[in-house]
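Inspection log for the structure reproduced underneath, given as structure tokens.
Every number in this text was worked out from the coordinates using simple rules, so none of it is lab data. Note that this is a predicted model, so its numbers are computed, not measured. Counting neighbours? That spans all protein chains shown, and the Cβs are built from the backbone with ideal geometry, glycine included.
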């Protein structure tokens with residue numbers, strides 16, 4: 001048998017080995033929709049978080065008081081603090097903590113309040129801080145001053 005004659009056999013062995021390898025690689029897990037730890041009243045039309053593999057995607061959190069749609073008095077400072085506590089609540093209910101945050105987007109009703117938000121952020125989180133962006137918008141749900149949307153490690 002010449003080397004040329006063994007090419008089809010080698011091709012079949014390669015294809016068989018490829019299929020065996022593909023069968024041993026686990027398929028990406030389906031997303032897991034999590035509603036535990038949400039500070040919002042039951043029945044809101046979104047999940048508190050969704051886990052996909054090793055990543056936990058949290059819904060944006062306003063600074064509402066737990067179990068209500070009421071914002072605390074005290075403006076940006078009080079709402080930023082409560083929003084971070086709400087994030088922590090969702091994380092803790094799902095076995096994670098603020099230390100597991102990877103990235104956050106901070107949405108402010110007034111970008112001029114960014115320095116005040118940063119003061120609150122630094123008082124409640126420890127270094128190393130997650131990656132973060134911030135931007136101002138013309139309005140937030142419930143008349144809020146801030147909403148924070150985060151991604152965290154789920155492993």
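Before moving on, here are some points about what is shown:
- Take the Cβ atoms of residue 70 and residue 126, set R0 to 22 Å, and the FRET efficiency comes out at 0.15.
- Cα gyration tensor, region 30-133 - rounded (a/c under 1.5), prolate or oblate: oblate
- Relative packing of peptides 121-127, 33-39 - highest average C-beta neighbours within 10 Å first: 33-39, 121-127
- Region 32-153 - share of DSSP beta bridges that are antiparallel (%, nearest 5): 75
- Distance-filtered residues of region 94-127 - backbone nitrogen under 13 Å, label point 7 angstrom along residue 32 Cα→Cβ: 94-96
- Sorted on the mean count of surrounding Cβ atoms within 10 Å across their residues, most packed first, peptides 91-103, 70-82 read 70-82, 91-103.
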